[in-house]
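The values are calculated or read from the model by the stated rules, or taken from the named source; none is laboratory data. It should be emphasised that the depicted structure is a prediction, and the values quoted were computed from it without experimental measurement. Here the Cβ positions follow ideal geometry from the backbone for every residue, glycine too, while neighbour counts run over all protein chains shown. Calculation scope for accessible area: heavy atoms of the full protein, side chains included, ligands and nucleic acids excluded. Shrake-Rupley method; radii C 1.70, N 1.55, O 1.52, S 1.80 Å.
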Amino acid sequence: MKVRINRILSYLIAILIITSTCIFNIPIINNTSVLASEITEKGFTINDAIYGLIYYYDNEYYNNSKSNKTLEGLEYAAMYKANADLTKKNWSTNETIKTYGISGKAKQSIILMELDINPINYKGENLIEQVVEDLNKTTSIKFIQNILQEVLAVEMFNEKFPEQKIIYNIKNIIDLMLKEQDESGCIGGAIHNTAYAIEIFNKYSYIDGVLEGKEKGINYLKSQIKDKGVLYKDGGTYFTYIHAQAVRALLQAGEDVTSEKWSKDGYNIVDGLFYEWNGENFIDKYGKDRAINHYTEVLYTLSKLNDLGYKDVFLKNVEFLNVVKDDTNQSKDEKVTINKVIDGVIDYYNEKHFVEEQGQLSDFHYSAMYRAGANLSEKIGI
């Protein structure tokens, strides 16, 4: 056992020296956890961004009186999808939202399904059935955003529960959507509505007019990309949460949202998610912290990017201050890190080796423990 431990220590010393001198250019003593800003010269990844927003929730938002230490509705679903450890801060959770009309039931259904709850029998209601009934009697789409949410809820249900698939008059809805599309390609007068429509069109390319409508919508959105990869209408105002909704819809429509196609001047629309980010918060043009829905929509979108394999994609010119990248930040399914191995060896020395060697460390072992950041005074009185 001692030989094995010595070998592990030798490897760890090498790793610690290399990482401390070549990558971080800082001493390794007492540095088993490093600041996220020191991880890599390339910057931060989507996975790092997920940690950054979870950190915001677990600290600033948790301690904000507005949160009541409760994650509600999409907040809960976004943290759940991001694989956050909700026991870390003893969050209370509530999946129920205040619903207004059928579109509210559609939004509730989507939240439930993200939490792996079937909305077909929720608190005595069949939410999806009510949504389908409303869609089947739709003859106009004056409130197109509501209709889009209803369609997306039914489509999500049919994909998640194929054995309970519900047939509805989607062709009628799509025909109405195509009639709503203006000459520019915009649908429903908004960036996110157009993106949601593209997501729906992508599922029904065989319906007459859909391919053309989808292409017009994509060209319109591409024309609305501004500096730093942000999406908002010409003459309009940028809102982080709307941008996040649009990015998520395009992603789910099969678009590569980090490609040149969705970029301007070197920034893509995923970079644009953090246009208002100052390292710790989303800040509006007046310097005020954005409402929690901005954080929620971005985290929700990042979790979708993570699910589709984008987690190691680097974000351009984005920082996450006050975030420590160590094993306490790991999502629940992360693999073992070097820090965890180091901690395990230190635990061995503090327990079994301490007893066997009467609290003595050889020069070699002392050097290894010292470099690993162990608290030597705790056991041997230094």
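Among residues of segment 207-229 that are free of Cβ contacts under 8 Å to residues at least 40 places away in the same chain and hydroxyl-bearing (Ser, Thr, Tyr), those with a beta-carbon under 6 Å from a residue that is in a loop (DSSP other than H, G, I, E, B) and open to solvent by 20 Å² or more (accessible area, probe 1.4 Å) at least six positions away or on a different chain give the pairs Tyr220/Ser184.
For (1) open to solvent by less than 10 Å² (accessible area, probe 1.4 Å); (2) part of a loop (DSSP other than H, G, I, E, B), each residue gets a yes or a no:
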| residue | (1), (2) |
| --- | --- |
| Ala195 | yes, no |
| Asp208 | no, yes |
| Leu211 | no, no |
| Lys214 | no, no |
| Tyr220 | no, no |
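Please give the number of the condition Gly279 fails out of (1) assigned to a helix (DSSP H, G or I); (2) touching a residue at least 40 places away in the same chain (Cβ under 8 Å). Answer for Gly279: the failing condition is (1).
Return yes or no: is Thr87 exposed (fewer than 15 other Cβ atoms within 10 Å of the Cβ) and closer than 30 Å to Val154 by Cβ? When the stated conditions are applied, Thr87 does not pass them. Against the numbered list (1) in a loop (DSSP other than H, G, I, E, B); (2) farther than 30 Å from Asn63 by Cα, Ala249 comes up short only at (1). Looking at segment 234-245 only, could you name the residues that are open to solvent by less than 80 Å² (accessible area, probe 1.4 Å) and assigned to a loop (DSSP other than H, G, I, E, B)? Across segment 234-245, the qualifying residues are Gly236, Tyr238, Phe239. Restricting attention to segment 132-154, the residues being under 13 Å from Ala197 (Cα atoms) and among the β-branched types (Val, Ile, Thr) number 4.
Just one of (1) crowded, with 16+ Cβ neighbours inside 10 Å; (2) at pLDDT 95 or above; (3) not in a helix (DSSP H, G or I) trips up Ile28, so point out which. Just one mismatch for Ile28, condition (2). Pairing residues of segment 176-205 that are charged (D, E, K, R) with residues that are assigned to a loop (DSSP other than H, G, I, E, B), at Cβ distances under 7 Å and at least 6 apart in sequence or on separate chains, gives Glu180/Ile141; Glu180/Ile187; Glu180/Gly188; Glu199/Ala253. Return yes when Gly272 is of a type outside the set (S, T, N, Q) and surrounded by fewer than 18 Cβ atoms within 10 Å (Cβ to Cβ) and no when it is not. Answer is no for this residue. In segment 128-137, is there at least one residue being touching a Ser or Thr at 6+ places or on another chain (Cβ under 9 Å), open to solvent by less than 20 Å² (accessible area, probe 1.4 Å) and either within 17 Å of Thr301 (Cα to Cα) or not hydrophobic (A, V, I, L, M, F, W, C) (or both)? No, because not a single residue in segment 128-137 is touching a Ser or Thr at 6+ places or on another chain (Cβ under 9 Å), open to solvent by less than 20 Å² (accessible area, probe 1.4 Å) and either within 17 Å of Thr301 (Cα to Cα) or not hydrophobic (A, V, I, L, M, F, W, C) (or both). The set of residues in segment 179-193 that are part of a helix (DSSP H, G or I) and buried (at least 18 other Cβ atoms within 10 Å of the Cβ) comprises Glu180, Ile191, His192, Asn193.
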